[in-house]
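Undergrad: The structure follows.
The values are calculated or read from the model by the stated rules, or taken from the named source; none is laboratory data. What you see is a predicted model; the values in this text were computed from it and never measured. Virtual Cβ from ideal backbone geometry, glycine too; neighbours counted across all protein chains shown. Accessible surface areas use protein heavy atoms only, side chains included; no ligands, DNA or RNA. Shrake-Rupley method; radii C 1.70, N 1.55, O 1.52, S 1.80 Å.
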Amino acid sequence: ITGGQASGQKLFIVDGSSMQPGEFTLTVASDSGWAIDIGRPDTSSPAALPLHVSCGEADGAVTKPFRASAGNLWISYTLSHTPSGTGHVDIYDASTGQSVYTRPITGDYTSGQSMASIPEDGVYIAQVTIPGGASYADITISQ
């Protein structure tokens, strides 16, 4: 993120099978003050589907952990402007960090639906990146 004031959330996925415990460094370059909070998502009381999230193009969003069953997961979206790029709703298993394949948000439309295939019952978390030019999005994840 460059210039101006910025805020938001991003997922940092740690795959325990490829990353070992230890000390790590976070490097930030800024011409003004900043703060960061790093923590694990609370998966003890996952949200039920459908789950709704809204976000701006520059911010993106991270959902609450949610419970999903094996099978198709539907991602409905409404964008405030016609997109000029591709967006994603990346879904991860909250206990392992393994990603779930999700079709991207694309096209010349301000509304539509994408899909993910959930491999097994469990708790998941999603990170939303809306397409360039869309400005603002409302996303609903359902099953």
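Undergrad: I'm a student and want to see the number: the projected area of the Cα convex hull of segment 80-143, averaged over all directions, in nm².
TA: 4.2 nm²
Undergrad: With the other protein chains left in place, how much accessible area per residue, in square angstrom, belongs to segment 91-143 at a 1.4 angstrom probe?
TA: On the way: 2470 Å² over 53 residues.
In whole numbers, segment 91-143 has 47 Å² accessible per residue.
Undergrad: So, by mean Cβ neighbours within 10 angstrom, what's the order for 27-36, 117-126 with the highest one leading?
TA: My ranking of the peptides, most packed first, is 117-126, 27-36.
Undergrad: If you don't mind, there's one more thing I want to ask. Taking the chain as a Gaussian network, Cα atoms linked when under 10 Å apart, which of 80, 69, 44 shows the biggest mean-square fluctuation?
TA: Of 80, 69, 44, the most mobile in the Gaussian network model is 44.
Undergrad: With charges set only on the Cβ (+1 for Lys and Arg, -1 for Asp and Glu), what does the dipole of the chain come to about its Cα centre, in debye to the nearest 20?
TA: That gives the chain a dipole magnitude of about 200 debye.
Undergrad: Could you work out which residue, out of 105, 130, 38, moves most in a Gaussian network model of the chain, that is, has the largest mean-square fluctuation with Cα springs under 10 Å?
TA: Result for the chain, Cα springs under 10 Å: 38 fluctuates most.
Undergrad: What does the accessible area of residue 24 come to, in Å² to the nearest 10, when a probe of 1.4 Å is used?
TA: Rounded to the nearest 10, the figure is 140 Å².
Undergrad: Ignoring ligands, DNA and RNA, please state the percent of accessible area on segment 31-143 from carbon and sulfur, probe 1.4 Å.
TA: 47 percent
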